[in-house]
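Read the structure below first, then the notes.
The values are calculated or read from the model by the stated rules, or taken from the named source; none is laboratory data. In this text the structure is predicted, and so the values were computed from the model without any measurement. So basically every Cβ, Gly included, is an ideal-geometry build from the backbone, and we count neighbours across all protein chains shown. Ligands, DNA and RNA are excluded from the accessible area calculation, which covers all protein heavy atoms including side chains. Shrake-Rupley method; radii C 1.70, N 1.55, O 1.52, S 1.80 Å.
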Amino acid sequence: MESAQSPAHAIAQYDVVIIGAGPSGSVAASLLHQQGKKVLVLEKQAFPRFSIGESLLPCCMQMLDEANMLDAVNNAGFQFKNGAAFNANGRSTHFDFTDKFTPGPGTTFQVERGSFDKLLADTAIEQGVEIRFGDTVEAIDLSADPLLSIVDKQGIPYQVQARYLLDASGFGRVLPRLLDLERPSGLPSRTAIFTHIDDHIDEIELADYQFDRNKILISVHPDNRDIWYWLIPFSNGRCSLGVVGEPHLLGDIGDDLESVLMRLVNEEPRLKQLLAKAKVVRPCARLEGYSANVSTLATNKFALLGNAGEFLDPVFSSGVTIAMQSASMAAKCVVKQLNGQEVDWQVDYAAPLMLGVDTFRTYVQAWYDGRFQDVIFFEAPNPKIKQMICSILAGYAWDQNNPFVTESERRLNMIVELCK
């Protein structure tokens, strides 16, 4: 039998190989293909496949536009989204993403990720990108240009070589695992339990509350502000429903996740009312210890995109935004390097990306220690300050004209004092 290195099985050469065909992988592939680069995307799973993280932020629309995918998304029939609503102990407030400090789109969509991710991948393929589904990366050699050892969906091994490598594998975190890049997150370990429901909310009489399907609803447990819930409406009468908290706060979880989820939902009076007729339509799942970090985001041979590099927390729906932002930033750097220009991956990619990630981190940490919750539910907010905060909630965490980005911790603490 001839080896993979024999002339009859010459190793295929690509400008860029991307691991993963989720939002960051598909967007990066499209952007690189537009610049004339030969790109291969390797996706372990078959699409469509279930993924959590269904509530997009308006900032995403800019990257979709860059990737020539915006028309496809706009025409797909997804649930329109124009903001975020918050509920705690009978108090309600909301942020209108069109009333924000930063220029740019103010609306987006809430999507079932199986169909959304497949739409992006299919659009990339229509543009000419090569995507191989069912192929698994088993090993990587970085002694020269990145050499990937792969097993295809029939179980046949092969190799490809790239001038540059992007990891868009999300929670699969392929490069961090293979290259021993994983490092502990600075955030406490939390557990999310989630499902999809037929919500039947339109059949519920709501005397004191108007439910808005155009907004994600974030609710806070009445007795413990460290526990919160998401309710994300879709266009087909369904919702994504989840609860998040440190494991010891959620009680005895065991194997009956649906009972745990619905017990916690029924502890929040408004959610209990909203979901009185809801029916679970997919098995409940859990995600534990999801916050992640790495020692290195990028070198002159590889870069990590989105969740493959760092994942914070689902509370502000930042995951897909960070994924697409990292794809846009990395693609520009890859093109420069492949075109013979010098790229400092720490200065040109890692540091600018982490500016937004760290901005989100400030507000995630402040959500759990209660400071940001006090700001969100303050009854008489300053309109200008609310617009600046709204920009971050809409995903514009890289806008250095916004003082709540460039001085996130100091500005937040200042507002916390004003809200007392």
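Some values worked out for this structure:
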item	result
Rounded to the nearest 10 Å², the accessible area of residue 38 at probe 1.4 Å	110
FRET efficiency, 1/(1 + (r/R0)^6) with R0 41 Å, evaluated for residue 153 and residue 75 via beta carbons	0.85
Theoretical gain in end-to-end length, residue 189 to residue 400 [0.36 nm per residue, Cα-Cα removed]	72.9 nm
Of 384/420; 81/420; 44/215, pairs whose Cα-Cα distance is over 21 Å	81/420; 44/215
Radius of gyration, Dmax [segment 156-236; alpha carbons; angstrom]	20.9, 63
Antiparallel bridge percentage (DSSP; both residues within the chain; nearest 5)	65
Whole-Hz couplings from phi, Karplus 6.51/-1.76/1.60, listed for segment 140-152; x for Gly and Pro	9, 10, 10, 5, 10, 4, x, 10, 10, 9, 10, 10, 7
Sites matching chymotrypsin sites (Phe, Trp or Tyr not before Pro) across segment 1-106 that sit in DSSP coil, with at most 15 neighbouring C-beta atoms within 10 Å	50
Relative packing of peptides 144-155, 336-347 - highest average C-beta neighbours within 10 Å first	144-155, 336-347
Gaussian network model of the chain, springs between alpha carbon atoms under 10 Å - residue of 330, 207, 162 with greatest fluctuation	207
Kyte-Doolittle mean at least -0.5, axial Cα span of 20 Å or more - DSSP H helices of the chain	113-127, 319-338, 351-368
Whole-number percent relative contact order across the chain, with pairs defined as alpha carbons under 8 Å at least 6 apart	21
If the convex hull is drawn through the Cα atoms of the chain, its volume per residue in Å³	146
Segment 136-239: GluC sites (Glu not before Pro) falling in loop per DSSP and having at most 12 other Cβ within 10 Å	205
Low-density loop cleavage sites - trypsin sites (Lys or Arg not before Pro) in segment 240-288, where at most 14 other Cβ are within 10 Å (DSSP)	277
Helix-only [θ]222 nm of the chain, DSSP H runs n ≥ 4, -39500 (n - 2.57) each, per residue, nearest 500	-9000 deg cm²/dmol
Calculated FRET value between residue 182 and residue 46, using beta carbons and R₀ = 35 Å, to 0.05	0.85
Shape of segment 36-167, Cα gyration tensor, a/c cut at 1.5	prolate
Neighbourhood charge, 12 Å Cβ-Cβ cut-off, centred on residue 357 and excluding it, Lys, Arg +1 and Asp, Glu -1	-2
For segment 214-224, Karplus couplings with θ = phi - 60° (6.51, -1.76, 1.60), whole Hz, Gly/Pro x	7, 9, 5, 10, 9, 10, 10, 4, x, 10, 8
Residue 295-residue 205 FRET efficiency (beta carbon distance; Förster radius 35 Å; 0.05 resolution)	0.05
Long-range HN-HN contacts of residue 131 with modeled amide H, under 5 Å	41
